[in-house]
1. How about segment 283-313: which of its residues are crowded, with 18+ Cβ neighbours inside 10 Å and within 13 Å of residue 213 (Cβ to Cβ)?
2. With assigned to a helix (DSSP H, G or I), over 15 Å from residue 81 (Cα atoms) and touching a residue at least 24 places away in the same chain (Cβ under 8 Å) as the only criterion, which of 378, 428, 412 stands out?
3. Checking the structure you have, find out if any residue of segment 241-254 is out of contact with any helix residue (DSSP H, G or I) (no Cβ under 7 Å at 6 or more places or on another chain), within 30 Å of residue 158 (Cα to Cα) and either surrounded by fewer than 17 Cβ atoms within 10 Å (Cβ to Cβ) or in contact (Cβ under 8 Å) with a residue 40 or more places away in the chain (or both).
4. Scan segment 267-282 for residues that are surrounded by 16 or more Cβ atoms within 10 Å (Cβ to Cβ) and part of a loop (DSSP other than H, G, I, E, B) and jot them down.
5. Cβ-Cβ distance below 6 Å, separation of 6 or more or different chains: which pairs start in segment 79-99 with a residue that is closer than 24 Å to residue 428 by Cα and end on one that is at pLDDT 95 or above and part of a strand (DSSP E or B)?
6. With respect to residue 80, determine if the residue is buried (at least 17 other Cβ atoms within 10 Å of the Cβ), at pLDDT 95 or above and in contact with a strand residue (DSSP E or B) (Cβ under 9 Å, 6 or more places away or on another chain).
7. Need the failing condition index for residue 334 against (1) surrounded by 15 or more Cβ atoms within 10 Å (Cβ to Cβ); (2) in contact (Cβ under 8 Å) with a residue 60 or more places away in the chain, just the number.
């Protein structure tokens, strides 16, 4: 994290210190989270977020003419790339940031607050009263059991204990860590002395009130979203040593990690020794890595997704009598890649036919256009006049684009993450229109929590993160956030 302007740091420190101590998880200074009412902006260009004006919906008529809504068919919440993480885990690869592109954001200054951010999003989604909620993948960050335990507790509701290992924070953000490139809130600006103590303290989540439907992501299934779990990585995750400085002689080239992460990591851990200087941490068996079968079974068992089934989470669900969701699990289990088999494509064709006259929303973690088999799936959607949208996450960026087809077309909708700025969830409401057609209204939700709350502090840190969502344009344009997406009439 690079240093922010001094004015921003001073203002943020004032806000943070005002919230120090036994702050409640309910300390919203403004409960309104819909960006149709207000949103968070940097009014003065000083790096400090303040409540700003609403963002009304923009009419997008690339696929169909505008027409007034006359009834609601379904209202969906969509949250993706939450990355609930164990910031104290020795299996996290924060030091990869030192290697430069394409390695970035393996450490985030707000990373110790991922659970509280999700709880803030749950409050915001509950207030919007959706018919159903879709979780678009990367619910957790590092394929760890304790991460999934925490995420599911937040989604179901109740008391959440985000600490692992020994009581108290023990990780790269503590004041004793010698690496100044990590944001240490007790020492570095914006200085928030008790942030880590608050981050690992128990908190309450209200839980989602609507049924929820998960989509597996690469970070759910792979360590750091890149490498399948191995015995060596299992020992690292549950063990008592954390790497704090990389031995460059052991790391011959960053190119090896880029070209073949599983092979490079296996070579680095060969013989059981960490590749550099390490420190002792408290071991924790709850940090164990999950096999793909266990991860899928736990997501099925904890959600409204159909029980049983094969190793992939391909399934359908209904959001009311006239709207069907189709979930595609294309995450490879041995590498960071998205691919759909011929069998999955055949299943998709069957489900499109079985949907009949229902309107169809298709969901995948990665955008379908990013792989050859995904493009084959899009070709199937192109022939179906009842498809209204293909939803995805993974990119951490808001983007809405029309896909024109001979059958009329539908909308490709990518949604930003809770891990990076702007830390928002998306709402989608399918409505009937006065001309006999349908339209998809969509708008963003800010996480519930004022500036002094932990979700609010996370939002501000994410805004200041030099390699985060703001400099990378993850927020998208107005047309990518709040819009009415008109569809062609049948």
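The values are calculated or read from the model by the stated rules, or taken from the named source; none is laboratory data. Everything quoted here is computed from the prediction, not taken from an experiment. FYI the Cβ positions are ideal-geometry reconstructions off the backbone, even for glycines, and counts take in every protein chain you see.
1. Looking only at segment 283-313, we keep the residues that are crowded, with 18+ Cβ neighbours inside 10 Å, and these are 284, 287, 289-290, 292, 295-296, 299, 303, 305, 312-313.
Once the filter is applied, which keeps residues that are crowded, with 18+ Cβ neighbours inside 10 Å and within 13 Å of residue 213 (Cβ to Cβ), segment 283-313 yields 299, 303, 305, 313.
2. The conditions single out 378.
3. Among the residues of segment 241-254, not one is out of contact with any helix residue (DSSP H, G or I) (no Cβ under 7 Å at 6 or more places or on another chain), within 30 Å of residue 158 (Cα to Cα) and either surrounded by fewer than 17 Cβ atoms within 10 Å (Cβ to Cβ) or in contact (Cβ under 8 Å) with a residue 40 or more places away in the chain (or both), which makes the answer no.
4. Within segment 267-282, 269, 274, 275, 281 qualify.
5. As it stands, the answer is 79/135; 79/425; 84/140, since those pairs meet every condition given.
6. Values: buried (at least 17 other Cβ atoms within 10 Å of the Cβ): yes; at pLDDT 95 or above: yes; in contact with a strand residue (DSSP E or B) (Cβ under 9 Å, 6 or more places away or on another chain): yes.
For residue 80, the condition - buried (at least 17 other Cβ atoms within 10 Å of the Cβ), at pLDDT 95 or above and in contact with a strand residue (DSSP E or B) (Cβ under 9 Å, 6 or more places away or on another chain) - is met.
7. Looking at each condition in turn, residue 334 falls short on (1).
Residue by residue, here is whether (1) in contact (Cβ under 8 Å) with a residue 40 or more places away in the chain; (2) under 30 Å from residue 264 (Cβ atoms); (3) not in a strand (DSSP E or B) holds:
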{"residue": "109", "(1), (2), (3)": "yes, yes, yes"}
{"residue": "112", "(1), (2), (3)": "yes, yes, yes"}
{"residue": "119", "(1), (2), (3)": "yes, no, yes"}
{"residue": "133", "(1), (2), (3)": "yes, no, no"}
{"residue": "146", "(1), (2), (3)": "yes, yes, yes"}
{"residue": "152", "(1), (2), (3)": "yes, no, yes"}
{"residue": "182", "(1), (2), (3)": "yes, yes, yes"}
